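The values are calculated or read from the model by the stated rules, or taken from the named source; none is laboratory data. These numbers were taken from a predicted model, which means no experiment stands behind them. Cβ coordinates were reconstructed from backbone atoms using ideal geometry, including for glycine residues, and neighbour counts include every protein chain displayed. Note: accessible area is taken over every heavy atom of the protein model, side chains too, but ligands, DNA and RNA are not part of it. Shrake-Rupley method; radii C 1.70, N 1.55, O 1.52, S 1.80 Å.
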Amino acid sequence: QVQLVESGGGLVQAGGSLRLACAVSGRTMYHMGWFRQAPGKEREFVAAISISGDRTDYTDSVKGRFTVSRDNDKNTVYLQMNSLKPEDTAVYYCTVAGNYAYLESKKTTGYPAWGRGTQVTVSS
């Protein structure tokens, strides 16, 4: 069984930066994904990273601004978010997948575990 705990969220002004972290315990060798859910909206895919870190994918709206990375020695995945915009405001969740293609498909359900999320609020 895998447990996920997100951290690093907060309130930041537009143009600012935050770095989210997702600590993984239990079985740790998974492909990892970040998703977000804004108030009144459905959960959406943000970024994914393969087990080795050699593959990454992003939703179009964050390309060039967000960077996903991982430190397998620390069992932690990161999401560096730069040039934040008010529309990035959401609860950010991390999840795991045994199949990278599933994350790449940007499906928002069917994953074996989710963290509880961390709130990111970007003020204008």
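Just the residues that are of a type in the set (A, V, I, L, M) and touching a residue at least 40 places away in the same chain (Cβ under 8 Å), please, taken from segment 52-96.
Val77, Leu79, Met81, Leu84, Ala90, Val91, Val96
Within segment 57-74, restricting attention to residues that are in a strand (DSSP E or B) and open to solvent by less than 60 Å² (accessible area, probe 1.4 Å), which residue is farthest from Thr109 (Cα to Cα)?
So the residue we want is Asp71.
Filter segment 18-56 for residues that are under 17 Å from Val5 (Cβ atoms) and part of a loop (DSSP other than H, G, I, E, B); which is modelled with the highest pLDDT?
This residue is Tyr30.
Looking only at segment 75-98, how many residues end up being of a type in the set (Val, Ile, Thr), touching a Gly at 6+ places or on another chain (Cβ under 7 Å) and open to solvent by 10 Å² or more (accessible area, probe 1.4 Å)?
Total meeting the criteria: 1.
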